[in-house]
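The values are calculated or read from the model by the stated rules, or taken from the named source; none is laboratory data. Please read these numbers as outputs of a predicted model, since none were measured by experiment. Cβ coordinates were reconstructed from backbone atoms using ideal geometry, including for glycine residues, and neighbour counts include every protein chain displayed. We work out accessible area using only protein heavy atoms, side chains counted, and drop any ligands, DNA or RNA first. Shrake-Rupley method; radii C 1.70, N 1.55, O 1.52, S 1.80 Å.
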Amino acid sequence: MEAVTFGVLGAVTARRGPDVLALKGPRHRAVLARLILARRRVVPVARLVEDLWEAPPPRAVGAVRTFVGDLRRALEPARPPRAPARLLVTEGPGYALRAAPDAVDAWRFEAAVTEADRLPAAQAPERLRAALGEWRGPAYAEFGTEDWARGERSRLTELRLRAVERRAELLVELGRAAEAVPDLDAHLTEHPWREESWRLLALALYRTGRQADALAVLRRARALLAGRLGIDPGPRLRRLEAGILAQDPGLDPPGEPADAAARLWARTTEAYDRTVAAGARARLESTVGLLRGLAVTGGGGLEAAREHRLTAVQAAEETGDAELTARVIGAYDVPANWTRGDDPELARRIVAAAERTLAALPEGPTADTARCRLLATVALESRGVRSPRGPRAAAEAEAIARRLDDPALLAFALNGVFMQSCTRAGLAPRRDAIGAELTALGARHGLVNHEVLGHLIRLQARAALADLTAADEHARAVDRLAERHERPLVGVFTAWYRALREAVSAGASGGSPDASGGSPDASGGSHDSAEAAYRSAAARLDGAGMPGLERGLLPLALLGLRLARGRPAQVDPRADWGPYRPWAEPFALLAEGRDTEARGALRALPEPPPDLLYEALCCAEAAVALGLGDRPALRRTYDRLLPAAGELAGAGSGLLTFGPVDGWLAAIRRALDA
């Protein structure tokens, strides 16, 4: 049996090989996290009680022992009865986790950082890069407010920030300054108070021949520190600024870059800055290329790309050159697999700019590529909006791309087609075909981002079609691609898929809904383990830069978990339901016995938006209608769900499920026949 490994650089997890172990509820994970934090030392039971509860209940000690027993069964399922535990052991007044030195990601990270300090300078950056790859999110993510975790979280975070800066410093010293620039830029987006990072970024830019950009970075640092904190830059920043202004030879690279590619990059950027003025047309197009690269890094990079994208588009429009504007808008071909936007207002403005540019483009085949990219952009940015324009633009873009026989253009157009493939229920087979073509296109033509997108789309579609074996294969394939090509956002989606998998194995796919909107709890699976998996996946969204995915997703997933197992809905109206609040409010009213108001809220519900949660929201509406016996609402939801017969409701998102559509259809038929 494979050894168990633990993760605390993000949500707290335990794995055996590729499989995430079910750790039940939050207090189970808190016990595990507290023992990992102790680094193999014994934590007395009394201390665990103190850390787990502000006001311990009367039987707190017994509860801790129960948590430990549950954890032992999860960690050592093959241990014979009465045999002593080998991993989570009892010792003296408490417990200790005897994990191997390389079994915890935080311990591996620290060891790698220490090892990098001892390596030759040329080898250390790669070791630090691998070490930083251990991070999935904030350390001990779900325990950020706990006193017992605060010090360790701060220590690990500071160690990570120093590792980022040390790697950048090494790259600059090795004559590889250009490699340090993107990482430092993204790093400062999330941590703008790090003066050393500002210094390194400015020095890296200067050493690649970008003196003006280096000075602009130092001015930004000065403005931020003075404007937000009321302090002047420190002496190292001031000395660097003076040195750049004086073109101090001491700031020059230590020697010629080590390889031909680095030499070429240095010469190219130097020539570029000599010949291309700030704000010029070529600069606009290259800026979008940078934003595209930032977007696939996730987190601060994705947020920065959104923040600056509209600025580039507006600057292009100001030139009055429709073809330039089309290139600037269309160059942002960042693949997207979530059919709800992160910033609806930004999307609306991008669509408006694309439509204006389409109208201004010259007629004729010379503008077909630009027209295709603009139409694909309209389709992508109109996601989640019920309008005929999005599907029409997607179809037009696909037709042009196929006629031009351009693989990259076709991949971009198919992304738009996918975004417009949720206009009704039951379209998972269509999305599966789109994903298959994207996967093949990406693999054949080296379009890595679209190959990743194709696997994610197929994961979603096969999950909707209840073919979880195939969905598992796509999850593994996309994780391998993400690791090989450094696509950190992929792990967010595969973590949610594995939570969905846990929900299905816990019984979310069993039975058919009863009159209260749930289904008989016929499975032997664990509701608690599925809930824990959802909460762990939700922690991965912290800092991922995708508010359109994050807001309201966890409470909706937990609602689906309860309803699919025949449990009463538990809707906390204080939770952040985001865009799903209209579907949550009727449940809250029903729970308070306010049936008349619940009926009014039910009848006021709009048709769910055309996104990957269409079927899930139809089931939420059906659950309320079943509870109220509202026949018009039952007929409406039946008609909407019928095309998805045979599917798992909501699983097309790859994130959550409300159980089999067939169960909901059967329950609605029974209610209508009664």
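Each peptide among 27-35, 230-238, 452-460 gets the average number of other Cβ atoms lying within 10 Å of its residues, and from highest to lowest they stand as 452-460, 27-35, 230-238. Taking a ≥ b ≥ c as the square roots of the eigenvalues of the alpha carbon gyration tensor, segment 91-241 is oblate, as a/c is not under 1.5 and a/b does not beat b/c.
What Kirkwood Rh does segment 516-674 have if only Cα atoms enter the pairwise 1/r average? Answer in Å. Provide the component values of the computation, followed by the final result.
On the way: mean 1/r = 0.0635 Å⁻¹.
After inverting the mean inverse Cα-Cα distance, the result is 15.8 Å.
Taking all protein chains in place and a 1.4 Å probe, what share, in percent, of the accessible surface of the chain do carbon and sulfur account for?
For the chain, the apolar C and S fraction of the accessible surface comes to 52 percent.
Of the two radii for segment 463-508, the radius of gyration is 1.02 times the Kirkwood radius, both from the alpha carbons; that is the Rg over Rh value. Using the Stokes-Einstein relation with a Kirkwood hydrodynamic radius computed over Cα pairs, the translational diffusion coefficient of segment 316-363 at 4 °C and a viscosity of 1.567 mPa s comes to 110 µm²/s. Where in segment 205-231 is the amide nitrogen less than 18 Å from a point lying 7 Å along the Cα-to-Cβ axis of Arg239? Correct set: 206-207, 218. Highest mean first, the peptides 570-578, 475-483 sorted by other C-beta atoms within 10 Å per residue fall in the order 475-483, 570-578. I want to make sure I understand the PRE zone here: with the label point 7 angstrom from the Cα of Trp53 toward its beta carbon, which residues in segment 18-37 have backbone N atoms less than 19 Å away? Output list for this probe position: 25-35.
The stretch between Arg480 and Thr366 holds 37.1 nm of extra length on full extension. This uses 0.36 nm per residue minus the Cα-Cα distance.
Taking packing as the residue-averaged number of other Cβ atoms within 10 angstrom, the listed peptides 124-136, 595-607 run from highest to lowest as 124-136, 595-607.
If Lys and Arg each add +1 and Asp and Glu each add -1, what is the summed charge of the other residues whose beta carbon sits under 14 Å from the beta carbon of Ala242?
Net of charged neighbours comes to +3.
The Cα-based radius of gyration of the chain, divided by its Kirkwood radius, gives an Rg/Rh of 0.99. Solvent-accessible surface of the chain, taken per residue with a 1.4 Å probe and all protein chains present: 43 Å².
For segment 592-597, what does the Karplus curve 6.51 cos²θ - 1.76 cosθ + 1.60, with θ = phi - 60°, yield as ³J(HN,Hα) per residue in whole Hz, taken in order and with x for Gly and Pro? Going residue by residue, I get 8, x, 9, 4, 4, 5 Hz, with x marking Gly and Pro. Taking all Cα pairs closer than 8 Å and separated by 6 or more residues, the relative contact order of the chain comes to 10 percent.
Taking 0.36 nm per residue of sequence separation and removing the Cα-Cα distance, the Arg594/His445 pair yields an extension gain of 47.8 nm.
Converting phi to 3J(HN,Hα) with the Karplus coefficients 6.51, -1.76 and 1.60 and the offset θ = phi - 60°, segment 23-29 yields 10, 6, x, x, 6, 4, 5 Hz in sequence order, with x at every glycine or proline. Computing Rg and the Kirkwood Rh from the Cα coordinates of segment 13-136 gives a ratio, Rg/Rh, of 1.06. Placing a pseudo-label 7 Å from each Cα along the Cα-to-Cβ vector at Arg65 and Arg219 gives an inter-label distance of 7.0 nm. Ordering Leu665, Thr637, Ser529 by Cα displacement along the dipole of the chain toward the positive end leaves Ser529 in first place; charges were set at the Cβ atoms of Lys, Arg (+1) and Asp, Glu (-1). If R0 is taken as 41 Å, the Cβ-Cβ distance between Arg228 and Arg39 corresponds to a FRET efficiency of 0.65. Remark: the chain carries a charge dipole of roughly 1160 debye about the Cα centre, counting +1 on each Lys and Arg Cβ and -1 on each Asp and Glu Cβ. The base-10 log of I(q)/I(0) for segment 621-674, evaluated at q = 0.15, 0.16, 0.21 Å⁻¹, reads -0.38, -0.43, -0.71 [Debye formula, identical scatterers on Cα atoms, solvent excluded].
For Glu2 and Asp572, compute 0.36 nm times the residue count separating them, minus their Cα-Cα distance, and round to one decimal in nm.
Roughly 201.2 nm would be gained on extension.
Once the C-beta distance of Asp639 and Arg430 is scaled by a Förster radius of 25 Å, the resulting FRET efficiency is 0.80 to the nearest 0.05. Applied to segment 634-647, the Karplus parametrisation 6.51 cos²θ - 1.76 cosθ + 1.60 on θ = phi - 60° returns per-residue 3J(HN,Hα) values of 5, 5, 5, 5, 4, 5, 6, 7, 3, x, 9, 3, x, 9 Hz, with x for Gly and Pro. For Gly94, the amide hydrogen comes within under 5 Å of the amide hydrogens of Val45, counting only partners 5 or more places away or on other chains and with H modelled in the peptide plane.
Kirkwood radius for segment 562-633, taken over all pairs of different Cα atoms as the inverse mean of 1/r, rounds to 12.4 Å.
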